[in-house]
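Working notes for the structure below.
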Amino acid sequence: MIVNHRAVASIYRFEMARAWRTVMQSVISPVLSTSLYFVVFGAAIGSRIQSIEGVQYGAYIVPGLIMLSLLTQSIANASFGIYFPRFAGTIYELLSAPVSFVEVVVAYVGAAATKSIIIGLIMLATAAMFVDLEIRHPVWMVAFLLLTAVTFSLFGFIIGIWADGFEKLQLVPLLIVTPLTFLGGAFYSIDMLPPFWRAVSLFNPVVYLVSGFRWSFFGQSDVSVGVSLAMTFLFLALCLAGVWWIFKTGYRLKA
């Protein structure tokens, strides 16, 4: 299969340029939000909760904060990136161009994942100004960062195809992903919950993402890192299958 590198690069550069045109919203806003989280959670709550499993509470919440931003930003970037051409009608030019659906997905998802990873790294640098951080497994930290960004950018791509209005672009991130992240151990260990609620939490897919990412920082996790990795790959496979089905059937692309 011959890949049209020029087409992929063109779409990728266009999507990245859009991020730099909205740098206040794309970069500065997440940094300010992170600082506020540390003021509220790190100072106010952290003064009452000294540590969790031997880790200072301010440092303990860093992986959860980054994961929260990574999920929401990946979905938002990818969903808006593909929805706007549908809204403006330029999607037909893309569909009629000599570009395969694989190249379209790689370009849009690659740009969305790149932007969310950059924001994640900026948040990590911001967090380091508030607390002492130790990353015990930096390679695995980067691996989880990449896998999560790509997976949820694919999920955002699906949402961008499914949505038939701007309000629906915010529906899944605000009403589903963000609550699941808060209830997925982003700011606490699920081992602190009663047995029944801990069992219920294991049905939350975000638990495995946060747990695996936190393990790469502190060597501690609520569930096995192998299970976390397997669940991430499972969701990635489901998203790839969803994107393949969309382009195979033309769902909401040609309507």
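Details
- Each Lys and Arg adds +1 at its Cβ and each Asp and Glu adds -1 at its Cβ; summed about the Cα centre, the chain shows a dipole of about 520 debye.
- Across SER69, SER96, SER153, mean-square fluctuation computed from a Gaussian network of the chain (C-alpha pairs under 10 Å connected) peaks at SER96.
- To the nearest ten degrees, helix 205-218 and the longest principal axis of the Cα atoms of the chain are 60 degrees apart.
- Between the exposed loop cleavage positions of the chain, defined as trypsin sites (Lys or Arg not before Pro) in a non-H, G, I, E, B DSSP state with at most 13 neighbouring beta-carbon atoms within 10 angstrom, the longest gap is 137-253.
- CD proxy at 222 nm, helix term only [per DSSP H run n ≥ 4: -39500 (n - 2.57); per residue of the chain; nearest 500]: -22000 deg cm²/dmol
- Relative contact order (%) - the chain, alpha-carbon pairs under 8 angstrom, separation at least six: 26 percent
- Relative contact order of the range 8-139, defined on C-alpha pairs under 8 angstrom at six or more residues apart (%): 44 percent
- Result for the chain in a Gaussian network model with C-alpha springs under 10 Å: among ILE11, ILE117, ILE66, the largest mean-square fluctuation is at ILE11.
- Leading residue at positive end of dipole, the chain (Cβ point charges), from ILE61, PHE182, PHE84: PHE84
- Size estimate for the chain follows the Kirkwood approach: the inverse of mean 1/r over distinct Cα pairs works out to 19.0 Å.
- Taking the longest Cα principal axis of the chain as reference, the axis of helix 101-128 is set at about 30 degrees.
- Cα Rg, Dmax (largest Cα-Cα span) when computed across the range 209-255, Å: 16.0, 49
- Listed peptides 235-247, 183-195 by packing density, highest first (mean Cβ within 10 Å): 183-195, 235-247
- Environment charge of GLN220, counting only residues whose C-beta is closer than 12 Å and scoring Lys/Arg +1, Asp/Glu -1: -2
- Rounded if a/c under 1.5, otherwise prolate or oblate - the range 122-178, Cα gyration tensor axes: prolate
- Exposed-site-free run, longest, the chain (rule: GluC sites (Glu not before Pro); DSSP loop; at most 16 other C-beta within 10 Å): 135-255
No lab work stands behind these numbers, since they all come straight from the coordinates. Everything numeric in this text was worked out from a predicted model, so none of it was measured. Here the Cβ is made from the backbone with ideal geometry for all residues, glycine too, and neighbour counts use every protein chain on show.
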